[in-house]
Structure formats: structure tokens, C-alpha cells
Amino acid sequence: MRTARALAVAVTAGTVLGLAAPVASAWDDPKNIVAMPSVIPRGGHLTVTVEGKSCMTPGSKITSDAFPDAQLTPTASGGSATAIIHKHATPGAHNITAHCGSKPPLTKPAAFTVIHGGVRGGLGGSSTTGATSTDMAIGGGLVAAAVIGGGVFWLRRRSENASRGI
């Protein structure tokens, strides 16, 4: 009876350790690559975070064909890096590969998209500053219409008052 009980405890302990070991080693592997912003113009700054304890080790880096290799700096859950997109990067989706410690590299396909040019936020996407000649012509026409309309109203009002004898 004692042998059976000891054998059961040994098998249970071995099973628990056997199941926990892959989980512990997998936790060290790089995982969950996040690129922000996901759409970026050429020359823009891309922030990439990679989860995984192995990404905290010196020499860990991220690579892509759209930016030069960037070293990961340790964070609470892995590593983070800022990369500058090449001025000649091809517009479209690009992959990011994380190289963390001695673990196999992790690639996230289509992690971000490079666009040809950016928009000027806060200006409605306009590409000029100030009023254009078209804007000036429209504004001048509206002012002229207001002056003429006001003059006609004033003259009609004056003629009505004159006919009443006021």
C-alpha cells in the first residue's frame, strides 16, 4: 500500500513538473509584437514593444526591411524600441522580427503599413497654408453681396419711410 501511494505521489509530481517546464520556458520566448502607430509615413518614428522575458537581455533587437535594426530596451514585460522608417521604404505592409537572447526569432507579418506621405493633422488634411486665390474670390464675392444687399434694404426702407411721411 505504501509503495502504491509513493508511486502515485511521484507520478503526480513528475506530471506537474513536466507540464510546468514548457510553460516556464515558453514564457521566456518573445511573443506579441506591437507596433504603434500601425500606419506610418516614411521618416516617421515607430514604437515597437515585444513581450517576453528573453527580450530584456542585452543584444535583443528588432529588424525589418523598412527601418534599421533597433536595440530593445528592457521594460516590465519585455523590451521596447523606437525605429525611424527609411525615407526610401516601400509603401505597403511590412514585417517585424524580434531577436531576443538565445530564443528563436519571432516574426509578425504585416505588423505596420508605410504610406507614401503623411497628412497635416488639425488642418483637415490641407496642403497649403493661408487663403488661396479661390478662397479670396469667394470671400470677396460674399462681402460684395452683403454690401449690395444691405444697400438695397436700406434704400427700400428709406423710400417706405418717405412715402409714409416719417
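Residues are listed down the side, and each one gets a yes or a no for (1) surrounded by fewer than 17 Cβ atoms within 10 Å (Cβ to Cβ); (2) in a helix (DSSP H, G or I); (3) at pLDDT 95 or above:
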{"site": "12", "(1), (2), (3)": "yes, yes, no"}
{"site": "20", "(1), (2), (3)": "yes, yes, no"}
{"site": "24", "(1), (2), (3)": "yes, yes, no"}
{"site": "43", "(1), (2), (3)": "yes, no, no"}
{"site": "76", "(1), (2), (3)": "yes, no, no"}
{"site": "81", "(1), (2), (3)": "no, no, yes"}
{"site": "89", "(1), (2), (3)": "no, no, no"}
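Condition check ((1) at pLDDT 85 or above; (2) surrounded by 10 or more Cβ atoms within 10 Å (Cβ to Cβ); (3) assigned to a helix (DSSP H, G or I); (4) not small (Gly, Ala, Ser)) across all residues:
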| residue | (1), (2), (3), (4) |
| --- | --- |
| 112 | yes, yes, no, yes |
| 126 | no, yes, no, no |
| 129 | no, no, no, yes |
| 136 | yes, yes, yes, yes |
| 139 | yes, yes, yes, no |
| 148 | yes, yes, yes, yes |
Subset of region 45-59 (residues that are buried (at least 18 other Cβ atoms within 10 Å of the Cβ), among the polar types (S, T, N, Q) and in contact (Cβ under 8 Å) with a residue 40 or more places away in the chain): 54
Could you grab me the full set of residues in region 28-58 that are of a type in the set (Gly, Ala, Ser) and under 15 Å from residue 104 (Cβ atoms)? 52, 54
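The values are calculated or read from the model by the stated rules, or taken from the named source; none is laboratory data. Note that the structure is predicted; figures quoted are calculated from it, not measured. When we count neighbours, we look across all protein chains shown, and the Cβ atoms used for this are built from the backbone with ideal geometry, even at glycine.
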